Amino acid sequence: MVNDNNTNLIGYDDADTLGKLNRARYGSHYIIIYSDISALRKIYSEYIKRQIEEKKEIVLILPHYETTERVRYVLSELAKIDVKEYEKQDSLLIIDSARAYFGSSIDIVSFVKSLVNYADQIGKNGVSVLADMGAFFHYNKLDELIEYETSLPPRSDIKAKGLCLYNKDDFNWRLSCIQKKKLLEHHGRDLMITTPTIK
């Protein structure tokens, strides 16, 4: 564990973070602040593999700081996931976060609800959503970000887990103290992924 002075959050290494995510229940709404893309890749690749293969869930990942093709490559090479097969089965959906939040006629909440219904129809246990919120920073839509996040409850009765991913620099330097406080209050749990220091 590491204490981060800028966020006042406790940072966890990969194993701690994965353990906490693996224990997340349906209806959870977490905020995850990651230090760098390599730390995030390790977490999302292992988490997605487990959710699809062991938990029998549909996984929706909305990347921002890497392309959808890069996510496919990471999942294929790092987690040894048959990405094409899982996408064909609709067990894995990889959509650019800017497109999901700003370029679609259906809002993301409605889309996730339809995924939950679909999961139930095809015998899946539920849905996990990993959404990088970087698109809101990229398009300078911080008021919309706060409005969106605070419209979601910290817990819900839907069979989905929402993991909102924030780059540490975006969170620390682009949000006011009041905005950070609002975000942290509207999530059921907050985690910060750190890159382990080599001694």
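The values are calculated or read from the model by the stated rules, or taken from the named source; none is laboratory data. As the structure is a prediction and not an experimental result, all values here were calculated from the model. Here Cβ is always computed from backbone atoms with ideal geometry, including for glycine, and neighbour counts include all displayed protein chains. Just the protein is used for accessible areas: all its heavy atoms, side chains included, with ligands, DNA and RNA removed. Shrake-Rupley method; radii C 1.70, N 1.55, O 1.52, S 1.80 Å.
Computed quantities for the displayed model
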| quantity | calculated |
| --- | --- |
| Selection status of Ile106, at pLDDT 95 or above and either surrounded by fewer than 17 Cβ atoms within 10 Å (Cβ to Cβ) or aliphatic (A, V, I, L, M) (or both) | no |
| The stretch 74-95: number of residues that are more than 19 Å from Val127 (Cβ to Cβ), open to solvent by less than 50 Å² (accessible area, probe 1.4 Å) and in contact (Cβ under 8 Å) with a residue 12 or more places away in the chain | 1 |
| Failed condition for Asn140, given (1) out of contact with any Phe, Trp or Tyr (no Cβ under 9 Å at 6 or more places or on another chain); (2) under 18 Å from Tyr44 (Cβ atoms); (3) not charged (D, E, K, R) | (2) |
| Selection count where residues are surrounded by fewer than 19 Cβ atoms within 10 Å (Cβ to Cβ) and β-branched (Val, Ile, Thr), scope the stretch 117-131 | 1 |
| Selection count where residues are among the small types (Gly, Ala, Ser) and either open to solvent by 50 Å² or more (accessible area, probe 1.4 Å) or within 15 Å of Lys180 (Cα to Cα) (or both), scope the stretch 132-150 | 1 |
| Any hit, the stretch 23-43, residues being part of a helix (DSSP H, G or I) and more than 15 Å from Leu165 (Cβ to Cβ) | no |
| Answer from Asp143, Asp157, Asp90, Asp120 - the residue that is under 20 Å from Leu75 (Cα atoms) and acidic (Asp, Glu) | Asp90 |
| In the stretch 156-199, the residues that are at pLDDT below 90 and β-branched (Val, Ile, Thr) | Ile193, Thr194, Thr195, Thr197, Ile198 |
| Long-range neighbours under 7 Å by Cβ, at least six apart or interchain, first residue under 10 Å from Lys124 (Cβ atoms) and of a type in the set (Lys, Arg) within the stretch 39-62, second modelled with pLDDT of 95 or more and open to solvent by 10 Å² or more (accessible area, probe 1.4 Å) | Lys55/Asn125; Lys56/Lys124; Lys56/Asn125 |
